[in-house]
Amino acid sequence: MVKRLTKYEIAWTLAVVGLIAGVSVYSTVLLYNIDALPANPGEYVEVIGHQWFWEFYYPANNTYWNTSYNANTLTATGGALWATPGEVVQVNVTSVDVIHSFNIPGLGVRIDAIPGRTNHLAFTVPASTAVGTEYLIQCTEFCGEFHGTMRAFLVVQ
Ligand SMILES: [Cu+2]
């Protein structure tokens, strides 16, 4: 004998289905918005991963900068990702050899650098950031012997 559902069981089931549908729609929209790129970022920077350094290319003034990290002094020379407070930065990230991962922990930025592919990501440097602030950039995909020193800085200027 088939038991008929009570009106409470039907209401409860519909409430759960409605809740899950609502969360699905909300999170789908949110995911697309997170990935959306701004129409007019403050600057574009091409980020190219190498074993074992980062290269930054600034198309606006056609300059290339290779970073060089000193593991003894924890400092970097040669190049950096320069940005101004409040600036929206779009990075186009790729690699010339193996898979790296471009990570700025202090800004919640992380995106893979994959050979033969360009990944895009935009982020905003907080407007309250003091000039002179340096955010550490660290490769977060194990990429060989000197992976640990594959660091650079985002310098706020
Ligand atoms: Cu790497």
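The values are calculated or read from the model by the stated rules, or taken from the named source; none is laboratory data. Only a predicted model underlies this, so the values are computations on that prediction, with no experimental measurement involved. Using ideal geometry, Cβ is built from the backbone for each residue, glycine included, and neighbour counts are taken over all protein chains shown. When the accessible area is computed, the model is the full protein with side chains, heavy atoms only, and any ligands, DNA or RNA have been set aside. Shrake-Rupley method; radii C 1.70, N 1.55, O 1.52, S 1.80 Å.
Mind listing whichever residues of the stretch 44-66 are away from the ligand (no atom under 12 Å from the Cβ) and polar (S, T, N, Q)? Once the filter is applied, which keeps residues that are away from the ligand (no atom under 12 Å from the Cβ) and polar (S, T, N, Q), the stretch 44-66 yields Asn61, Asn62, Thr63, Asn66. Being within 18 Å of Leu37 (Cα to Cα) and within 16 Å of the ligand (Cβ to nearest atom) is true of Ile111. Checking each residue of the stretch 138-154 against the condition of being more than 11 Å from the ligand (Cβ to nearest atom) and in contact with a helix residue (DSSP H, G or I) (Cβ under 9 Å, 6 or more places away or on another chain) gives at least one match.
Which of the strands (runs of 3 or more DSSP E) found entirely inside the stretch 1-109 contain at least 2 residues meeting this: open to solvent by less than 50 Å² (accessible area, probe 1.4 Å)? Outline the logic, then answer.
Working: elements: 43-50, 53-58, 63-66, 68-70, 75-77, 81-83, 88-95, 100-104.
The qualifying strands (runs of 3 or more DSSP E) are 43-50, 53-58, 81-83, 88-95, 100-104.
Val89 meets the conditions (1) closer than 30 Å to Ala130 by Cβ; (2) at pLDDT below 90 in every case but one. The failed one is (2).
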